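Beneath this line is the structure, given in structure tokens, with notes to follow.
The values are calculated or read from the model by the stated rules, or taken from the named source; none is laboratory data. Keep in mind that this is a model prediction, so the values were computed, not measured. So basically every Cβ, Gly included, is an ideal-geometry build from the backbone, and we count neighbours across all protein chains shown.
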Amino acid sequence: MTDALVPILAATLAAGTPLVFAALGELVVEKSGVLNLGVEGMMLCGALAGFAATVASGSAAVGALAGLAAGAAAALVFALLTLTLQANQVAAGLALSIFGVGLSAFAGKPFESVALPAPQPFALPALADLPLVGPVLFAQPPLVYLSWALFGLVSWFLYRTRPGLVLRAVGESPAVAHAIGYPVIGIRYLATLFGGAMAGVGGAYLSVSYTPMWAENMTAGRGWIALALVVFATWRPGRVLAGAYLFGGVTIAQFFAQGAGAAVASQLLSSLPYLATIGVLVLISRNPNVIRLNAPVSLGQSYHPDA
Amino acid sequence: MRYLSPLLAAALTILVGYALFSALGRDPLAALHAFFVRPVSTANGVAELLLKASPLMMIATGLALGFRANVWNIGAEGQLILGAICGGGVALHLEGAASGWGLALMVVAGALGGMAWAAIPAFLRTRFNASEILTSLMLTYVAALLLSYLVHGPWRDPQGFNFPQSRMFDDALLFPLLVEGTRLNASFLLALAVVAAGWVFVHKSFLGYQMRVAGLADAAARYAGFSATRTVWIGMLAGGGAAGLAGLAEVAGPIGQLTPSISPGYGFAAIIVAFVGRLNPVGCALASLLMSLLYLGGEQAQMELRLPAAITGLFQGMLLFFLLGADVLINFRVRALRRAGPAAASAGQAA
Amino acid sequence: MQGAAAAAPPRLSLRGIRKAYPAVVANDGIDLDVAPGEIHAVLGENGAGKSTLMKIIYGVVQPDAGAIRWEGRPVAIASPHAARALGIGMVFQHFSLFETLTVTQNVALALDGARDLAALARRIAEVSQRYGLPLDPRRLVHSLSVGERQRVEIVRCLLQAPRLLILDEPTSVLTPQAVQRLFETLRQLAAEGCSILYISHKLDEIKALCTGATVLRAGRVTGTCDPRRETASSMARMMIGRDLPVCAHAAAAPGGEPRLVLAGLARAADDPFGTDLDGIDLAVHAGEIVGIAGVSGNGQQELLRAVSGETPLGAPLAVQLLGAGVGRMHPGRRRKLGLGFVPEERLGRGAVPHMSLAENALLTAHRAGGMVRAGLVRARRATAFARDCIERFAVKCGGPGAAARSLSGGNLQKFIVGREILQAPKVLVVAQPTWGVDVGAATFIRQALIDLRKRGTAILVISEELDELFEICDRIAVIAQGRLSPARPTRETSVEEIGVWMSGLWPGARAAGAPAGGTGGATATQA
């Protein structure tokens, strides 16, 4: 029984990890009042850059860093447009997603037939030998451990530090934060770049560690699912983590069901993550007070001190 | 002023294209010529331009109605697929019985199919307050899988050597060609009709006015008693219906059957077309020509310059980025001029 | 103390301050001196440039020209941080608080270097006790009344031991009794040596509190004075350049039929930070103006939305218009029956900022003007209506094609009021008719309402300006904590009585929790 469960649970964690990175990053962005719909595009940029750097250097760590840098660079374009130039955040986010898809597809052509060796999981000494939890939790690729560190970091930063308090305050009322004397635009820049960097790492994890390969549009909507997860989690890091693994589970269940020869069309199983996303969105959104009490008040609204 | 930034954005895109081609080691002028001029230097090329512009202008016009009211339907690609499935399904069932009303029935089925797919996010938004941005996009993936299931399974052509595609539609069920020897068909006229109807709705109708108010100031719309629910429904259904028509026009036009991929991303490109066309139907029609040219240029680049056709997507994204940036720059110039105005006037008084 | 002030340099001294915006020169050659321990008024009507001047002193806005001296030294105040470092504190008119954070967190955000929140909470409790401003540091700001929020702002300033405290229109959110308590706190502060800049347009308060005053008009200083030696009308002449205009007001003609009836109107707020309405009864008759007074945030917004139909009710009879139960109808259907409505927010609700006045006429007047036929807009009719409205209500603007946002607050308000009146409403509901409007436009609007009453319209006015309500209303009721008092004939009541009622204490009022608006502090600290 446990023998059958271990690979499923381990695979669930692995499948949820890109969502953990992207959604935690977007959570911080949205907490500052910025809605960046370009997660899908930033993940794709990160995935391609990570893959290319890993191929060139032979090191997955270099790949992850390249993904981080590419995601942040993509976010910088968005930040320039929306924060400095005051463009509509929804339009700019869509543009970033479309651009990211186009850029990565164009620049990624030469890498489509390249193969990377599957990375070895990094078993934590002693912990990995624990029954059940050991192989599930502690025999994972390094980026999975890093995603947990990121979770701890984001939770601690937002709720235990003064800069985190300032970030949340900016997201609630940029005008008030400005009146008190905080550099609203600068803070939003940092949050947006952080979100992009994390989306980039999430993408790099997909191409370098999870699959590992490069294919056009390989994120297959994970960036959008990450956006939905942030709403589903009512902007709380703990629930983002839980939601990401829930989706990891849905993805994995589909593979195992197909592997087990379930008498259902494969397309129906493949559509489960998307249908589940719609389901959880409806579940959370139907009570407007849940959103009203948890969503950053200024989410998606442009702010400029001179206006 | 409003119409300056699309031109500026197009110019900047071409400029970056020049730099990009140079960086890739191609002669930039020759490459730009191949990309932007050669595709439309023949009558057949112009016909292809109009053919590809048709779905773009239809969808963009429909989406623009919603975007004006802050209804963000970004799932037009999925609605297009549903239009193709429904219209195509009718075509497959009309085997042999085809006549004049067959195509009309397919057009209706296509539009209704797109509307039905768009109705799901509209319902979830108005009833459960769920973001139509995310739900409409998720449904796009589901629509693609649904089409894949149909052409791999129940609707696969038994004589098709196991290819995942349906049987070819009867000739009588395809849009008649407008110009013999080209692929340009009567769906182009349908697209023009959609643009005209969109223009009347946006500029002349009271409903169009109400949706504009909803987009500019939703508290004012509530104050005046304009229904927010109706705004969402109209916005979503307009985009869905237009996308459904476009999907039907693809399968009952150049493709002639159902295949797993019937659109090279028209539903997403139309979002850009809508913005570049300033959310104005006539603007959308013009912008769709530019976007269509980017598609043709991408194909040309693949053949002549040995560059991936994905370069089209790169140019599309850049175009929208530059548009958003140019908008701000132009607004900023206007603001700066206005600011300079009164200051200069009061300085004059002081002197 | 006068002698000491003469010897020491002024705490703050401004010379030739100028600030120009694209549309208007907000400050032009402003000179201002504040002595240590002085309570100095900055007096001027809406749009005179008071708020801009205060933002310059607090470092929010940079002046185009002029010099600032702080205790004799020339300084440049580059940011609010710099202002606070000098010892300047500011209490904003529109509070600068974060609703979803606690009192302590809010204070910490404005205090440079406050790390230990527990210690800070103790200091907040201590300072608030000392100055008679009771507060519970643990509460979330959205659960506080408006008066309590103002206390958070003041305490936040006091924790930095300020040497100059700026208060921008602080009494607009307080009951008359709470105003007196605030004045005691301010006098205590001044006696301890803190200078106070007191921004207001209320002449009586300035006479009662301030020892010096600088008067602004259209961005320029028109005089300085000692308010204790002036009369209200002499200061008014400095402020607006002529005597305060008065409205021509005929006696009420009783006996009109009830046109707008609220019967047991109750509704839980949609907004988790909103106020629940409870058992509201009121009748407004043809040919009378009924006013509703109250401290803001006591259910005015919710009541207005329920009456206008922006948030429909479950019970049809809770709102009755000309005898018909309209509680479940949306705003359009109520308008059809003869309801006109002027909301509090002019830009974004009463008018669409980016649309022209002609298009804004279409917003609500499309039925009356025959502006829509067969679903299509008849633009010419809308333009003609807008032009008519502009002429008859003396709206200063660039014509029917001018964008709503290009108008000044007073002119836009005249346009909106005019648009509603020209539709010949049987019932007109007006929120804050003259908020943020210059004196000339305010008088014009009040007179227009009085004239409309004469023609038999039933008018309901909701305002936070008691003076205004006493000037134009035939009867006055008070809203507190989502409940409505009985309406009293204006001639039979007084500002004092209405002031007590604003705390929720009218005869027969059901005993409830802490009344909002300034007297509820004692209960708050016990929580």
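The single condition from (1) without any contact (Cβ under 8 Å) to a residue 12 or more places away in the chain; (2) buried (at least 22 other Cβ atoms within 10 Å of the Cβ) that C:Gly348 fails is (2). Among the numbered conditions (1) touching a Ser or Thr at 6+ places or on another chain (Cβ under 9 Å); (2) within 14 Å of chain B (Cβ to nearest Cβ), the only one that A:Ala53 does not meet is (2). Quick check on this structure: which one of C:Ser296, C:Ser356 is among the hydroxyl-bearing types (Ser, Thr, Tyr) and touching a residue at least 60 places away in the same chain (Cβ under 8 Å)? Only one candidate passes the filter, namely C:Ser296. Taking A:Val208, is it touching a residue at least 60 places away in the same chain (Cβ under 8 Å) and under 27 Å from A:Gly248 (Cβ atoms)? Here the answer is yes, as A:Val208 does meet what is asked.
Residues in segment C:90-109 that are aliphatic (A, V, I, L, M), within 8 Å of another protein chain (Cβ to nearest Cβ) and assigned to a helix (DSSP H, G or I): C:Ala108, C:Leu109. On the given criteria, is A:Pro305 buried (at least 17 other Cβ atoms within 10 Å of the Cβ), more than 14 Å from chain B (Cβ to nearest Cβ) and in a loop (DSSP other than H, G, I, E, B)? It is false that A:Pro305 is buried (at least 17 other Cβ atoms within 10 Å of the Cβ), more than 14 Å from chain B (Cβ to nearest Cβ) and in a loop (DSSP other than H, G, I, E, B). Would you mind stating whether C:Val215 is in contact with a helix residue (DSSP H, G or I) (Cβ under 6 Å, 6 or more places away or on another chain) and either assigned to a helix (DSSP H, G or I) or of a type in the set (Val, Ile, Thr) (or both)? Criteria met by C:Val215.
Only a single item in (1) more than 21 Å from the chain's Cα centre (by Cα); (2) more than 9 Å from chain B (Cβ to nearest Cβ); (3) under 25 Å from B:Asn73 (Cα atoms); (4) not aliphatic (A, V, I, L, M) is not met by A:Phe111, and it is number (3). Restricting segment A:162-193 to residues that are more than 23 Å from the chain's Cα centre (by Cα) and hydroxyl-bearing (Ser, Thr, Tyr), the residue that is farthest from C:Gly113 (Cα to Cα) is A:Ser173.
Among the criteria (1) surrounded by fewer than 18 Cβ atoms within 10 Å (Cβ to Cβ); (2) on the phi < 0 side of the Ramachandran plot; (3) out of contact with any Phe, Trp or Tyr (no Cβ under 8 Å at 6 or more places or on another chain), the one B:Ala60 does not fulfil is (1).
Kindly indicate whether B:Phe163 is away from chain A (no Cβ under 14 Å) and within 30 Å of B:Val46 (Cα to Cα). It is false that B:Phe163 is away from chain A (no Cβ under 14 Å) and within 30 Å of B:Val46 (Cα to Cα).
Results for (1) within 14 Å of chain A (Cβ to nearest Cβ); (2) under 21 Å from B:Leu29 (Cα atoms); (3) of a type in the set (Asp, Glu); (4) in contact with a Cys (Cβ under 8 Å, 6 or more places away or on another chain), shown as yes or no for each residue.
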| residue | (1), (2), (3), (4) |
| --- | --- |
| B:Ile262 | no, no, no, no |
| B:Tyr266 | yes, no, no, no |
| B:Pro281 | no, no, no, no |
| B:Leu289 | no, no, no, no |
| B:Ser292 | no, yes, no, no |
| B:Gly297 | yes, yes, no, no |
| B:Pro308 | yes, yes, no, no |
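Among residues of segment A:140-173 being assigned to a loop (DSSP other than H, G, I, E, B) and within 14 Å of chain C (Cβ to nearest Cβ), the one that is surrounded by the most Cβ atoms within 10 Å (Cβ to Cβ) is A:Ser173. Per the listing A:Ala233, A:Ala244, the residue uniquely crowded, with 19+ Cβ neighbours inside 10 Å, closer than 20 Å to B:Phe128 by Cβ, of a type in the set (A, V, I, L, M) and more than 10 Å from chain B (Cβ to nearest Cβ) is A:Ala233. Checked against (1) in a loop (DSSP other than H, G, I, E, B); (2) buried (at least 24 other Cβ atoms within 10 Å of the Cβ), B:Ala243 meets all criteria but (1). Inspect all residues belonging to segment C:128-140 and state whether any of them is under 24 Å from the mean Cα position of the chain (by Cα), farther than 29 Å from C:Pro9 by Cβ and within 14 Å of chain A (Cβ to nearest Cβ). Scanning segment C:128-140 turns up at least one residue that is under 24 Å from the mean Cα position of the chain (by Cα), farther than 29 Å from C:Pro9 by Cβ and within 14 Å of chain A (Cβ to nearest Cβ). Within this structure, C:Glu471 passes the test of being within 18 Å of the chain's Cα centre (by Cα), acidic (Asp, Glu), more than 27 Å from C:Asp276 (Cα to Cα) and not in a strand (DSSP E or B). Can you run down the residue pairs with Cβ atoms below 7 Å, 6 or more apart or on separate chains, where the first is in segment C:308-323 and in the same structural domain as C:Ala283 (by TED's automatic domain parsing) and the partner is in a helix (DSSP H, G or I) and among the β-branched types (Val, Ile, Thr)? Listed by first residue and then by second, the contacts come to C:Val319/C:Val307.
Checked against the criteria, C:Val352 counts as at pLDDT 95 or above and facing chain B (nearest Cβ under 7 Å). Filtering A:Ala79, A:Ala52 for residues that are at pLDDT 95 or above, surrounded by fewer than 24 Cβ atoms within 10 Å (Cβ to Cβ) and closer than 25 Å to A:Ala107 by Cβ leaves a single hit, A:Ala52.
Within segment A:214-230, if we keep just the residues that are surrounded by fewer than 19 Cβ atoms within 10 Å (Cβ to Cβ) and on the phi < 0 side of the Ramachandran plot, the residue that is farthest from the other protein chains (Cβ to nearest Cβ) turns out to be A:Ala215.
A single member of B:Arg230, B:Arg183, B:Arg212, B:Arg222 is closer than 24 Å to B:Gly78 by Cβ, charged (D, E, K, R) and either within 14 Å of chain C (Cβ to nearest Cβ) or touching a residue at least 24 places away in the same chain (Cβ under 8 Å) (or both), and it is B:Arg230. Tell me, yes or no, whether segment C:303-310 has at least one residue that is more than 14 Å from chain B (Cβ to nearest Cβ) and at pLDDT 95 or above. Yes. Which residue is surrounded by the most Cβ atoms within 10 Å (Cβ to Cβ), if the candidates are limited to segment B:25-56 and must be touching a residue at least 40 places away in the same chain (Cβ under 8 Å) and out of contact with any helix residue (DSSP H, G or I) (no Cβ under 8 Å at 6 or more places or on another chain)? Result: B:Ala47. Among the residues of segment A:125-139 satisfying the criterion of being of a type in the set (A, V, I, L, M, F, W, C) and crowded, with 16+ Cβ neighbours inside 10 Å, which is farthest from A:Gly203 (Cα to Cα)? Filtering first and then ranking leaves A:Ala128.
Only one entry in C:Phe341, C:Phe415 is facing another protein chain (nearest Cβ under 10 Å), on the phi < 0 side of the Ramachandran plot and at pLDDT 95 or above, namely C:Phe341. Among the residues of segment A:177-197, are any under 21 Å from A:Thr82 (Cα atoms), within 12 Å of another protein chain (Cβ to nearest Cβ) and basic (Lys, Arg)? The answer is no; no qualifying residue exists. State whether the residues of segment B:82-99 include one that is within 14 Å of chain A (Cβ to nearest Cβ), modelled with pLDDT of 95 or more and assigned to a helix (DSSP H, G or I). Yes, that holds for at least one residue.
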